[in-house]
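Quick notes on the structure that follows.
Taken together, the values in this text are just the output of simple stated rules run on the coordinates, not laboratory data. The model shown is predicted, which means the values in this text are computed figures rather than measured ones. Every residue, glycine among them, receives a Cβ derived from its backbone with ideal geometry; neighbour counts consider all protein chains shown.
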Amino acid sequence: MSTVEADLTRSVRERTERIKPEECWELLAREGFGRLALAVADGVDIVPLNFVVDRRSIVLRTAEGSKLTEMSRSSAVALEIDDRDPVSGVAWSVVAKGRPRILTAEDEVAAVEALGVRTWSGTSKKMRYVRIEISEVTGRRFHGIPTA
């Protein structure tokens with residue numbers, strides 16, 4: 001590694017801070033939109049979606065189809081949210097990892113319907129709810145990262 005590369009690596013490391021889990025949960029609850037990464041038959045897929053936080057888990061709503069099928073087969077997924085202030089250059093990222101579970105019990109479905117989870121598509125297809133039981137949440141904040 002050259003001196004310039006070493007200096008750049010050190011500079012980025014010095015401008016990066018870990019976000020505490022409690023703040024990660026606050027950011028997740030505030031944002032409500034992110035990208036879900038999950039294993040699919042031919043690799044990994046990343047899909048944008050709306051969600052709500054409910055008791056240290058993530059709840060989403062999706063139409064029956066390939067995404068729901070893949071989630072039912074998956075033992076682990078990751079949800080990522082992020083933002084960046086273009087003026088200050090401060091950016092942050094939160095990743096929540098866990099196990100998805102399709103909700104089928106009437107009492108569970110009724111409870112999450114009250115949360116008001118929206119979908120992008122607004123489709124009239126039969127919608128299903130998924131709860132992701134989060135096992136790990138991590139976050140980082142980057143201060144003054146240059147745009148170029």
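Here are Glu17, Glu23: which of them is touching a residue at least 60 places away in the same chain (Cβ under 8 Å), farther than 13 Å from Ile132 by Cα and not in a strand (DSSP E or B)?
Glu23
Here's the yes/no breakdown for (1) under 20 Å from Glu136 (Cα atoms); (2) among the charged types (D, E, K, R):
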residue: Ala37; (1), (2): yes, no
residue: Val44; (1), (2): yes, no
residue: Asp54; (1), (2): yes, yes
residue: Ser74; (1), (2): yes, no
residue: Glu80; (1), (2): yes, yes
residue: Val90; (1), (2): no, no
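Can Arg61 be described as free of Cβ contacts under 8 Å to residues at least 40 places away in the same chain, under 25 Å from Ala111 (Cα atoms) and of a type in the set (Lys, Arg)?
Answer is no for this residue.
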